[in-house]
Structure formats: structure tokens, C-alpha cells
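First up is the structure itself, then whatever we jot down about it.
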Amino acid sequence: MSSPYEGEMAIDTEYDIVMARKAVRTAAVALGFGVTDVTRIVTAASELTRNIYLYAGSGIMRWHPVSGNFAGLELVFEDQGPGIADMTRAMQPGFSSGNGLGMGLPGSKRLMDEMDIVSEIGKGTSVRIRKWLRR
Amino acid sequence: MANGTISVIKVRGILLVTVPPDPDDIAVCELQEQVLQAMARHSAKGLILDISMVETIDSFFARTVSETAKMVTLMGGLTVLAGMRASVAITTTQLGLSLDKTLTALDVDRAMDMLVSALDGTERTP
Ligand SMILES: Nc1ncnc2c1ncn2[C@@H]1O[C@H](COP(=O)(O)OP(=O)(O)OP(=O)(O)O)[C@@H](O)[C@H]1O
Ligand SMILES: [Mg+2]
């Protein structure tokens, strides 16, 4: 994958969270996002890749530019883990099935412009986030 | 950090620890342990965590930092987070992380001033 704008990365180890942050930072900077938006996107990617690592064990992150009314960056986090049983609860700030702060999912939603989650128990979870470039 | 890349400097009973730009989770945990051990070893009363190089603070990092500050309090010390970048402050707040119970300073200089006067106040001999 030579383009910094798009790619795919396996999330298998704790260290892959750092690698994911680096790849997403490179893509967001290359697309022209400002420093605060870059930080928002990288932080959301850190939360969502950590969720994959913690709750599903492994999965993948994909990222690519998108276009609509604006140009933007889309990231998809997919795993074949246990799935999320109660989505409403999972999206509530402060809910954690482990010893987390319960901020990863609701916080990522606030940091991004769009977020959709599809999850099926026993099948896995897919989280898609988008941020638009505004000039 | 297994390779010992975190820098710990002691000045006037205060430990100055520089957090690397993009530590992984293991490095963050090790940093906590090293900091607490160094506090005990140097009988330090104050801790400055210099996060001016840190580009991203996620929930794990924030949780470990506020935990560390709590542990330092239990050990009779005071922690100041110094040099948080504006982009990081915006993101951390929007993410909903509560680092607000931790003392903060614009830079290491001001953190040092804060700690020196706070510790002076508690330790002055009559
Ligand atoms: N990929 C996933 N697969 C299965 N369950 C998940 C996944 N992501 C999140 N969850 C569930 O949703 C809950 C909320 O996730 P969220 O990231 O908001 O908080 P947390 O991971 O518990 O804590 P924090 O992210 O603040 O450290 C988790 O505790 C977990 O039960
Ligand atoms: Mg999480």
C-alpha cells in the first residue's frame, strides 16, 4: 500500500494500537486536516482499535478518503468478536463491561462527524467513523 | 519502557518526568511504575509530568495518568501535568475524560513554581 490516504491493518497485538495511530495520523495529515482534527481522528482510532484488541482479541482497521459535500476520511474497525449485547448501554458515557472509563464509544462519536455501529452477538462488530474536511 | 527511555530528573525534591510522544499501553503502565518507584527512591514530594511532546491522549492514557496522580497523593506527594497541547486539551475534553482533578500548568517552568510554593507552604519550619 503506497498511498498514505488509504490502507488496511490487522489489529492483533497491543502494539498495533500504536501502529494504527501512526497510520491514521499520516493519512489525516496528508488529506489536509488541521492539527485539532488530526488529534480527534487519531484519538478515536486509538479508542476503537483498543476496543478490538480488548473485547474481540483481533480485527482489522481500514481507512480511505470519501467524498460528499466535502472531502473526508472514513475509517472502519471490524472484528469477529463476541459482539455488543446492549448497544444503547455501550453508547452511554461511563458504561464499561471491564474496568474502562466507558468513554471510548461515546467519546469517539463526539470526536467524529459521523459514527455507525453494526454489531451482532457471536458474529462481531463493525464501527464506521467519518470526519469531513471543512475549508 | 523496557529500554529505559523515559527521563526522570530530580530538582529541589521534585521529579520531572518527560512522557514520550506516542507511548504504547505497556510503556504507559511501565511509566507509572517507574514514576512511583522513583518518587519513593528519591523521597520526592512533587511530580511534574511533562506531556508537551504527547500528541494523543486516549482514555487509557488519561486513566493511567489520573491513577498515577492519585497514587502519588497517597504517597504524600503532589502531581502537576505540564504542557498539554491545545489540540490534546480540546480532544481530551470532547472525549469526556476527566483530567480536571489533576493540577495542570502551561509549561514545566510554571509547574515548578506551583509545586515549589505549594510544598514550601506545607513544609516551612517555624
Ligand atoms: N469491538 C467490541 N466488541 C465487543 N464489545 C465491545 C466492543 N467495543 C466495545 N464493546 C463493549 O462496549 C463497552 C463500552 O465500550 P467503550 O469503549 O465505550 O468503553 P470501555 O472500553 O469499557 O472503556 P474505555 O474505552 O473508556 O477505556 C465495553 O465495555 C464493551 O463491553
Ligand atoms: Mg474502550
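Just so it is clear, none of the values below were taken in a lab; they were calculated from the coordinates. All values derive from a computational prediction rather than experimental measurement. A quick note on method: Cβ atoms are made from the backbone with ideal geometry, for glycine too, and the neighbour counts reach across all protein chains shown.
Once you average over the residues of A:29-37, how many Cβ atoms of partner chains fall within 10 Å of each Cβ? Mind showing how you got there, number by number?
On the way: counts 0, 0, 0, 0, 0, 1, 6, 8, 3.
Partner Cβ neighbours, averaged per residue: 2.
At a Förster distance of 35 Å, what's the computed FRET efficiency of A:ARG110 paired with B:SER117, Cβ-Cβ distance as r, to 0.05? Present the calculation step by step, with values, prior to reporting the outcome.
Numbers: r = 37 Å, r/R0 = 1.05.
The value I calculate is 0.45.
Normalised by the residues of segment A:82-135, what does the relative contact order come to in percent, with Cα pairs under 8 Å and at least six apart?
Reported relative contact order: 36 percent.
Relative to the Cα centre, what is the charge dipole magnitude of the protein assembly as shown, using +1 at the beta carbon of each Lys and Arg, -1 at the beta carbon of each Asp and Glu, and rounding to the nearest 20 debye? Let's see the in-between values first.
On the way: 25 positive and 30 negative charges, 119 e Å.
Taking the Cα centre of the protein assembly as shown as origin, the dipole is about 580 debye.
Could you tell me which of B:VAL88, B:SER59, A:ALA45 has its Cα farthest along the dipole of the protein assembly as shown towards the positive end, charges placed at Cβ (Lys, Arg +1; Asp, Glu -1), taken about the Cα centre?
B:VAL88
Nearest 5 is fine: what % of DSSP beta bridges in the protein assembly as shown come out antiparallel, could you say?
On the way: 34 of 47 bridges.
That works out to approximately 70 percent antiparallel.
Could you order the peptides A:71-80, B:101-110 from most to least packed, using the average number of other C-beta atoms within 10 Å per residue? Walk me through the numbers before you get to the answer.
Numbers: A:71-80: 20.6, B:101-110: 14.6.
Peptide ranking by packing, descending: A:71-80, B:101-110.
Can you spot the lysines whose alpha carbon is less than 16 Å from B:LYS10's alpha carbon? Ignore those fewer than 8 places along the same chain.
The reachable lysines, counting only those whose Cα sits under 16 Å from B:LYS10, are B:LYS45.
Say R0 is 22 Å: what FRET efficiency, to the nearest 0.05, do A:THR13 and A:GLN80 get from their beta-carbon distance? Kindly include the intermediate steps, with their values, before the conclusion.
On the way: r = 17 Å, r/R0 = 0.76.
Plugging the Cβ-Cβ distance into 1/(1 + (r/R0)^6) gives 0.85.
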